[in-house]
1. Which count do you get for residues in the range 174-212 that are in contact with a Pro (Cβ under 9 Å, 6 or more places away or on another chain) and modelled with pLDDT of 80 or more?
2. Applying the selection to the range 115-127, what residues are under 19 Å from residue 141 (Cα atoms), in a helix (DSSP H, G or I) and among the hydrophobic types (A, V, I, L, M, F, W, C)?
3. Taking the criterion of being modelled with pLDDT of 85 or more, loosely packed, with under 14 Cβ neighbours inside 10 Å, under 20 Å from residue 164 (Cα atoms) and not β-branched (Val, Ile, Thr), would at least one residue in the range 59-72 satisfy it?
4. Would you check if there is a residue in the range 83-97 being modelled with pLDDT of 90 or more, within 26 Å of the chain's Cα centre (by Cα) and open to solvent by less than 80 Å² (accessible area, probe 1.4 Å)?
5. Applying the selection to the range 119-128, what residues are in contact (Cβ under 8 Å) with a residue 24 or more places away in the chain and of a type in the set (A, V, I, L, M)?
6. Among all residue pairs at least 6 apart or on different chains, which show Cβ distances below 7 Å where the first residue, located in the range 129-145, is in contact (Cβ under 8 Å) with a residue 24 or more places away in the chain and farther than 15 Å from residue 68 by Cβ and the second is open to solvent by less than 70 Å² (accessible area, probe 1.4 Å) and not in a helix (DSSP H, G or I)?
7. Pull up the range 22-35, narrow it to residues that are in contact (Cβ under 8 Å) with a residue 12 or more places away in the chain and open to solvent by 70 Å² or more (accessible area, probe 1.4 Å), then point me to the one that is nearest to residue 11 (Cα to Cα).
Amino acid sequence: MLGDVTTAMTAAGSINALLVQAARTGRGGHLDVCMIESLVYIQEWVSTELAGGWDTTNPGACDQSPLLVLPNGAVWGIAGSPVAWFDHLVVALERPELADDPRFADPVDREANKAELFAIITEWAASFDSFDHFRITLEARSPFTTAELRSIDELAATDWAAHRELFANVAGGFVVPARPARGADIGTDGHLAPRGADNREVLAEVLGYDDARIDALTAAGVVVADTASGSTRPF
């Protein structure tokens with residue numbers, strides 16, 4: 001759901017950017033919106049993780065679709081609710097006796113004992129020699145599907161991320177998401193302006209303030225002069 005909404009909003013905003021570009025330059029463009037790219041762009045801790053800010057990645061949790069944290073540290077997610085699709089799960093596990101287990105007798109019992117149910121699935125998943133073997137078996141026996149969860153560090157190291165130019169190096173050695181979508185000169189070119197670097201231009205061009213008024217605002221402390229760059233910035 002989050003991926004659907006975020007990607008749609010990214011597409012809408014990017015279309016607006018293309019329309020502005022066309023109005024200003026007479027030049028159109030091609031828009032390439034990717035769900036993973038959109039999701040990476042909105043993650044507030046991406047740069048922190050890429051800078052080594054976490055010892056381990058928190059896989060999070062999902063109420064109905066289990067995230068299986070295996071003994072080797074891998075995290076596999078299952079799309080689908082084992083509580084609602086319990087009959088299919090029993091077949092996939094090849095554990096017909098679970099159908100007679102009072103802990104899982106009906107949806108209310110299964111919900112109450114969901115942690116135990118997820119533990120059984122995790123133990124089963126850990127018995128496979130690879131994720132691909134697990135995925136093929138699960139999908140062949142049930143309507144469930146699955147995916148292997150990767151950390152941002154792992155994603156950044158993939159050929160796919162390099163092909164998409166998913167991340168950009170910026171001042172200070174930090175790595176940030178490059179753009180929410182491709183096209184219309186969206187995103188960063190790797191050069192980050194200091195905070196408030198364009199304040200003088202905005203005050204002059206948008207509000208029509210002259211230099212004297214901007215200087216007066218600066219002297220009054222309404223905007224603060226950045227002596228390192230010569231720009232002004234608000235508190």
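1. Number of matching residues: 1.
2. 117, 118, 120, 121, 124, 125
3. No, there is no match, as no residue in the range 59-72 is modelled with pLDDT of 85 or more, loosely packed, with under 14 Cβ neighbours inside 10 Å, under 20 Å from residue 164 (Cα atoms) and not β-branched (Val, Ile, Thr).
4. no
5. Residues satisfying the conditions are 120, 121, 125, 126.
6. 143/80
7. 35
Residues are listed down the side, and each one gets a yes or a no for (1) at pLDDT below 95; (2) open to solvent by 40 Å² or more (accessible area, probe 1.4 Å); (3) touching a Leu at 6+ places or on another chain (Cβ under 9 Å):
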site: 115; (1), (2), (3): yes, yes, no
site: 129; (1), (2), (3): yes, yes, no
site: 145; (1), (2), (3): yes, yes, yes
site: 148; (1), (2), (3): yes, yes, no
site: 152; (1), (2), (3): yes, no, yes
site: 155; (1), (2), (3): yes, no, yes
site: 162; (1), (2), (3): yes, yes, no
site: 166; (1), (2), (3): yes, no, yes
site: 172; (1), (2), (3): yes, yes, yes
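The values are calculated or read from the model by the stated rules, or taken from the named source; none is laboratory data. Since the structure is predicted, the reported quantities are computational estimates derived from the model, not experimental observations. No Cβ is skipped: glycine too gets one built from the backbone with ideal geometry, and neighbour counts run over all protein chains shown. Ligands, DNA and RNA are stripped out before the accessible areas are found, and what is left, the full protein with its side chains, is counted by its heavy atoms. Shrake-Rupley method; radii C 1.70, N 1.55, O 1.52, S 1.80 Å.
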